[in-house]
Amino acid sequence: MPRTPARLPLPLIIAAGTLLGLALGAFIFWQRPGWFDFRSSASALTARQAAATQWAPVIGADAPDFTLTAARTQNSMTLNDLRGRSVVLNFWATWCGPCRVEMPAFEAAYRENQPRNLTVLAINYAEPRQMVLDFADELGVSFPLLLDPDGSVQELYQIRGYPSTMFIAPDGTLVAAHIGLLTKGQLAKNLALILP
């Protein structure tokens, strides 16, 4: 009588497929900029933490320069042109719930600290201009919204989740970085590091 080949039990096949899918998903997740980061930290990264998490650029170094188009004016904005001003870079998306929650705090800080030369730049990755403008209008955002259509600035700053926020001193030094939702208190603490 011919032998039939042994069949693997269905639960083993499902488990192996699940593990393979998870491994592939994790690989893709870490290769793509701008995906939600489940490792949100509650505080700004220090230079040692930045190195430990392979965060680039490094806290204490010059913030990498870039030029992007402003959604409202469609004019180019270059980071290095803002030397002498305190700058907050906020990387966000319209579909990001925490981004929506923290935008009013950025708007309030922007309005309150304009006399102290604070610039807030909200950098959006690859979403249509009109969608970005509609989001800003809905929330009453008046600071510049920059479009990063190819993700080059996201990659330059190694953004792996939304929201992500960088705090840059007037001399162009990256002073602090924060991954995840910023509370008003955390925002105030980080602004104190860069405002004159």
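The values are calculated or read from the model by the stated rules, or taken from the named source; none is laboratory data. All of these numbers come straight from a predicted model, not from anything done at the bench. In this analysis, Cβ positions are derived from the backbone assuming ideal geometry, glycine residues included, and neighbour counts consider all displayed protein chains.
Determine whether THR119 is touching a helix residue (DSSP H, G or I) at 6+ places or on another chain (Cβ under 9 Å), surrounded by fewer than 14 Cβ atoms within 10 Å (Cβ to Cβ) and at pLDDT 95 or above.
no
If you take the residues of segment 53-94 that are within 13 Å of the chain's Cα centre (by Cα) and among the aromatic types (Phe, Trp, Tyr), which of them is farthest from ASP150 (Cα to Cα)?
Looking at the filtered set, the residue picked out is TRP55.
So which of GLU155, GLU127 ends up being without any contact (Cβ under 8 Å) to a residue 40 or more places away in the chain and either out of contact with any Asp or Glu (no Cβ under 7 Å at 6 or more places or on another chain) or surrounded by 15 or more Cβ atoms within 10 Å (Cβ to Cβ) (or both)?
Selected residue: GLU127, the only one of GLU155, GLU127 that is without any contact (Cβ under 8 Å) to a residue 40 or more places away in the chain and either out of contact with any Asp or Glu (no Cβ under 7 Å at 6 or more places or on another chain) or surrounded by 15 or more Cβ atoms within 10 Å (Cβ to Cβ) (or both).
Could you check segment 143-196 and list, in sequence order, the residues that are over 14 Å from the mean Cα position of the chain (by Cα) and part of a helix (DSSP H, G or I)?
Passing the criteria: LYS184, GLY185, GLN186, LEU187, ALA188, LYS189, ASN190, LEU191, ALA192, LEU193, ILE194.
Can LEU133 be described as in contact with a Cys (Cβ under 9 Å, 6 or more places away or on another chain) and outside any strand (DSSP E or B)?
No, not satisfied.
Pairs please, first residue from segment 56-80 and surrounded by fewer than 13 Cβ atoms within 10 Å (Cβ to Cβ), second anywhere and assigned to a loop (DSSP other than H, G, I, E, B), Cβ atoms under 6 Å, 6+ apart in sequence or on different chains.
Sorted first by the residue in segment 56-80, then by its partner, the pairs are ASN80/ASP65.
Have a look at MET103, MET166 and point out the one that is more than 18 Å from LEU79 (Cα to Cα), out of contact with any Ser or Thr (no Cβ under 8 Å at 6 or more places or on another chain) and surrounded by 14 or more Cβ atoms within 10 Å (Cβ to Cβ).
MET103 is the lone residue from the list that is more than 18 Å from LEU79 (Cα to Cα), out of contact with any Ser or Thr (no Cβ under 8 Å at 6 or more places or on another chain) and surrounded by 14 or more Cβ atoms within 10 Å (Cβ to Cβ).
Can you give me the number of residues within segment 84-121 that are part of a loop (DSSP other than H, G, I, E, B) and either in contact (Cβ under 8 Å) with a residue 60 or more places away in the chain or not hydroxyl-bearing (Ser, Thr, Tyr) (or both)?
Summing the residues that are part of a loop (DSSP other than H, G, I, E, B) and either in contact (Cβ under 8 Å) with a residue 60 or more places away in the chain or not hydroxyl-bearing (Ser, Thr, Tyr) (or both) in segment 84-121 gives 6.
Can you go through ASP81, ASP37, ASP65 and tell me which one is among the acidic types (Asp, Glu), part of a loop (DSSP other than H, G, I, E, B) and either at pLDDT 60 or above or in contact with a Cys (Cβ under 9 Å, 6 or more places away or on another chain) (or both)?
It is ASP65.
Within segment 179-194, can one find any residue that is surrounded by fewer than 16 Cβ atoms within 10 Å (Cβ to Cβ), closer than 17 Å to LEU82 by Cβ and either in contact with a Cys (Cβ under 7 Å, 6 or more places away or on another chain) or not hydroxyl-bearing (Ser, Thr, Tyr) (or both)?
yes
Tell me, yes or no, whether segment 89-112 has at least one residue that is over 23 Å from ILE59 (Cα atoms), of a type in the set (Ser, Thr, Tyr) and touching a helix residue (DSSP H, G or I) at 6+ places or on another chain (Cβ under 8 Å).
Yes, there is a match, as at least one residue in segment 89-112 is over 23 Å from ILE59 (Cα atoms), of a type in the set (Ser, Thr, Tyr) and touching a helix residue (DSSP H, G or I) at 6+ places or on another chain (Cβ under 8 Å).
Taking the condition surrounded by fewer than 16 Cβ atoms within 10 Å (Cβ to Cβ), in contact (Cβ under 8 Å) with a residue 60 or more places away in the chain, of a type outside the set (Lys, Arg) and closer than 24 Å to THR67 by Cβ, does ASP150 pass?
Spelling it out, it is not the case that ASP150 is surrounded by fewer than 16 Cβ atoms within 10 Å (Cβ to Cβ), in contact (Cβ under 8 Å) with a residue 60 or more places away in the chain, of a type outside the set (Lys, Arg) and closer than 24 Å to THR67 by Cβ.
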